[in-house]
Amino acid sequence: MKRTRYDGFHIALHWLIAALIVAAFGLALYIDTLPLSPLKFRLYSYHKWMGISVLILVAVRVIWRHTKGVPAPLPNQPRWQVVVANATHHSLYLLMFVLPLVGWAMSSAKGIPVVLFGVLPLPNWVPVDHDLGEILETAHKTLAWILAALVAMHAAAAIKHHVIDKDDTLRRMLPGKS
């Protein structure tokens, strides 16, 4: 029998990654309102931890997805919705990889170390270069807004399927039994 729901590990990863993305985005917006201070630096560290955690968890999720597979699209979905959903999912995965990498590169270029959870220093992987750091900062912010828009679109589509179409799209990714 074909699976109709995502498995528990995939569901847990989905919601954990979603929570980290929302928290990192909200924290970044808050950080931008703060004056330069020890609190601002501490919150930047937390933001970086969240970003690197997303990077690691998305790698695990992609491996899990390719190892275990995912349920097929629900039957009777219009072809255009399946195409848009696939494009959105691929874009989300791409951004969940690229955005933390660009942030890490930005920190490297600015000469600011990324120390995961305050104990594991990550290597700088681009040379210190102020101009490059500024370019990467702009790219990081732009990609973050694109990710936020895609996440909002993804959530709106899931809610539309649940409330208007009354299908199992959202239920397939909710914890518990269907």
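Points to keep in mind about this one:
- For the chain, the membrane-span-like helix rule (DSSP H, alpha carbon extent of at least 18 Å along the helix axis, mean Kyte-Doolittle at least 1.0) picks out 8-31; this says nothing about an actual membrane.
- Estimated FRET transfer efficiency (Val163, Ser91; beta-carbon r; R0 35 Å; 0.05): 0.90
- Packing-based exposure ordering (other Cβ within 10 Å, fewest first) of Tyr46, Tyr30, Tyr6: Tyr30, Tyr46, Tyr6
- Going from the residue with the fewest nearby Cβ atoms within 10 Å to the one with the most, Ser107, Ser91 rank Ser91, Ser107.
- Over the chain: helical MRE at 222 nm, DSSP H runs n ≥ 4 each giving -39500 (n - 2.57), nearest 500: -23500 deg cm²/dmol
- Footprinting exposure proxy ranking of Thr33, Thr142, fewest other C-beta atoms within 10 angstrom first, gives Thr33, Thr142.
Coordinate-derived values only; no laboratory data. A quick note: this is a predicted structure, and the numbers were derived from the prediction, not measured. So basically every Cβ, Gly included, is an ideal-geometry build from the backbone, and we count neighbours across all protein chains shown.
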